[in-house]
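Trainee: The structure's right below; bear with me while I get my questions together.
The values are calculated or read from the model by the stated rules, or taken from the named source; none is laboratory data. What you see is a predicted model, and the numbers here were worked out from it, not measured in a lab. In this analysis, Cβ positions are derived from the backbone assuming ideal geometry, glycine residues included, and neighbour counts consider all displayed protein chains. These area figures cover heavy atoms from the full protein model, side chains too; ligands, DNA and RNA do not enter into them. Shrake-Rupley method; radii C 1.70, N 1.55, O 1.52, S 1.80 Å.
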Amino acid sequence: LESSAVSRLHSATMTCAIFDSPTGLIGYTTDIEGDLSLWQRTIEISQVLCRNPDSSLGLRDGTHFVFGGDVVDHGPGDLQILEDLLSLKRAYPDRVHFIVGNRDVNKLRLPVELHEGFCKQWPLSKHPGVYWLGEDKSPAKCLTDEEVLQDTGAHRLKWILRETMGAPSAFEARREGLSKRSGEGGEGDISDDAVVESFLSCVQPGGLLFEYLALAQLALLLGDTLFVHAGLPRKGEHWCPGWLPGTVPKENLPLRDWVESLADFKTSNLEQMAASYSGEPVLEAWSMKGGYDHVQPGSALLQYMMRDMPDKT
């Protein structure tokens, strides 16, 4: 997939980050994190969402719906929820809006950190861990000696999810979700390798989570209401819009300029990632050092969705 595919996806679905005069009710939910029961209950009580006779998700006339991010992680329904959301967005492109969540973005680490070249460069026994946790949470400190020696993709992914993404149940939840979707046998019939491949394919261009992120915004302005995930850029003790990362960071941007600039920033970072997947492996992951200017493509987006910089600011 060429990097421009991200831009084509945006233009094809008429996605934008600013809507001046939305009319009708605006429905909002966030942080479903793979909990299919919670998602179904949300639809049942919603004043804007509904199930159509063919079981597809519908949007009531004259309304908007905003999903606030964090589609994935703890429950086995994340793939189904992603399919629901993307189908809804395709049907109502100007009235359905997605926000980028930290749990969605951090999965973009996986194509680098599970790549064969990276794994050879950093066997689990020598992997230093992630910058925000330090060596105390390195694979050698968290996994058994046998797991470190075997050094499989599944062991790596389980460590990444459990220790660095705050998602200890995500690996088995994905196995359960894949089993239910296959309609055959039990969870034991879904191999570790199949779970790893599912996580990887989901964040490749064309995958469900990559497509969600391509259609989502870091900030959304509906009339006079600003939607973001978790917080705003921090300046000293205050949180305020207007700051944009870059070689020379911008400050105090007017609100509309900031929202539009963040949309361009996110798209540019996704295009970098998409273009890099067929190239040479990155041998030092962003998660090991951090920073907006790390060599890993798309590192600025990963850093933007983190709370702290490597220097703890």
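Trainee: Report, ordered by the first and then the second residue, all pairs with beta carbons closer than 7 Å, sequence separation of six or more or different chains, a first member in region 30-55 that is on the phi < 0 side of the Ramachandran plot and free of Cβ contacts under 8 Å to residues at least 60 places away in the same chain, and a second member that is open to solvent by 70 Å² or more (accessible area, probe 1.4 Å) and hydrophobic (A, V, I, L, M, F, W, C).
Mentor: From region 30-55, the pairs are GLN47/LEU25; VAL48/LEU25.
Trainee: Does LEU82 count as under 28 Å from THR225 (Cβ atoms) and in contact with a helix residue (DSSP H, G or I) (Cβ under 7 Å, 6 or more places away or on another chain)? If you could, list the steps in order and put the result at the bottom.
Mentor: Details: under 28 Å from THR225 (Cβ atoms): yes; in contact with a helix residue (DSSP H, G or I) (Cβ under 7 Å, 6 or more places away or on another chain): yes.
Here the answer is yes, as LEU82 does meet what is asked.
Trainee: Looking at this structure, is ALA230 within 17 Å of the chain's Cα centre (by Cα) and part of a loop (DSSP other than H, G, I, E, B)? First the steps, then the outcome.
Mentor: Values: within 17 Å of the chain's Cα centre (by Cα): yes; part of a loop (DSSP other than H, G, I, E, B): yes.
Here the answer is yes, as ALA230 does meet what is asked.
Trainee: Among the residues of region 12-40, which ones are over 18 Å from ILE99 (Cβ atoms) and at pLDDT 95 or above?
Mentor: Passing the criteria: LEU36, SER37, GLN40.
Trainee: Quick one: count up the residues across region 249-291 that are assigned to a loop (DSSP other than H, G, I, E, B), open to solvent by 20 Å² or more (accessible area, probe 1.4 Å) and either in contact with a Cys (Cβ under 8 Å, 6 or more places away or on another chain) or closer than 16 Å to GLN303 by Cβ (or both).
Mentor: Initial filter on region 249-291 (assigned to a loop (DSSP other than H, G, I, E, B)): 249, 251-254, 277-285, 290-291.
From what's left, open to solvent by 20 Å² or more (accessible area, probe 1.4 Å): 249, 251-254, 277-284.
If we keep only those that are either in contact with a Cys (Cβ under 8 Å, 6 or more places away or on another chain) or closer than 16 Å to GLN303 by Cβ (or both) as well, we get 249, 282, 284.
Counting residues in region 249-291 that are assigned to a loop (DSSP other than H, G, I, E, B), open to solvent by 20 Å² or more (accessible area, probe 1.4 Å) and either in contact with a Cys (Cβ under 8 Å, 6 or more places away or on another chain) or closer than 16 Å to GLN303 by Cβ (or both) gives 3.
Trainee: Of the residues that sit in region 150-175 and are polar (S, T, N, Q) and closer than 18 Å to ASP104 by Cα, which one is surrounded by the fewest Cβ atoms within 10 Å (Cβ to Cβ)? Give the derivation first.
Mentor: Within region 150-175, the subset polar (S, T, N, Q) is 150, 152, 164, 169.
Add one more test, that the residue is closer than 18 Å to ASP104 by Cα, and what stays is 164, 169.
On the way: THR164: 18, SER169: 15.
Here the answer is SER169.
Trainee: Just checking, which of ARG109, ARG103, ARG90, ARG95 is under 27 Å from TYR304 (Cα atoms) and more than 16 Å from the chain's Cα centre (by Cα)? Steps first, answer last, please.
Mentor: Details: ARG109 fails: more than 16 Å from the chain's Cα centre (by Cα); ARG103 fails: more than 16 Å from the chain's Cα centre (by Cα); ARG90 fails: under 27 Å from TYR304 (Cα atoms).
When all the criteria are applied, what remains is ARG95.
Trainee: Can you name every one of the helices (runs of 4 or more DSSP H) wholly within region 69-173 that holds 2 or more residues which are under 30 Å from CYS16 (Cα atoms) and of a type in the set (Lys, Arg)?
Mentor: Details: elements: 78-91, 102-105, 110-113, 116-121, 139-142, 145-150, 153-159.
Fully inside region 69-173 and qualifying: 78-91.
Trainee: Assess whether LEU218 counts as being touching a residue at least 12 places away in the same chain (Cβ under 8 Å) and either open to solvent by 20 Å² or more (accessible area, probe 1.4 Å) or over 18 Å from the mean Cα position of the chain (by Cα) (or both). Even if it seems obvious, please write down each step before you answer.
Mentor: Details: touching a residue at least 12 places away in the same chain (Cβ under 8 Å): yes; either open to solvent by 20 Å² or more (accessible area, probe 1.4 Å) or over 18 Å from the mean Cα position of the chain (by Cα) (or both): no.
No: the conditions fail for LEU218.
Trainee: Given the criterion more than 20 Å from ILE160 (Cα to Cα), touching a Gly at 6+ places or on another chain (Cβ under 8 Å) and charged (D, E, K, R), identify the matching residue among GLU211, GLU260, GLU280. Walk me through how you get there before you give the answer.
Mentor: Details: GLU211 fails: touching a Gly at 6+ places or on another chain (Cβ under 8 Å); GLU260 fails: touching a Gly at 6+ places or on another chain (Cβ under 8 Å).
None of the others qualify; the one that does is GLU280.
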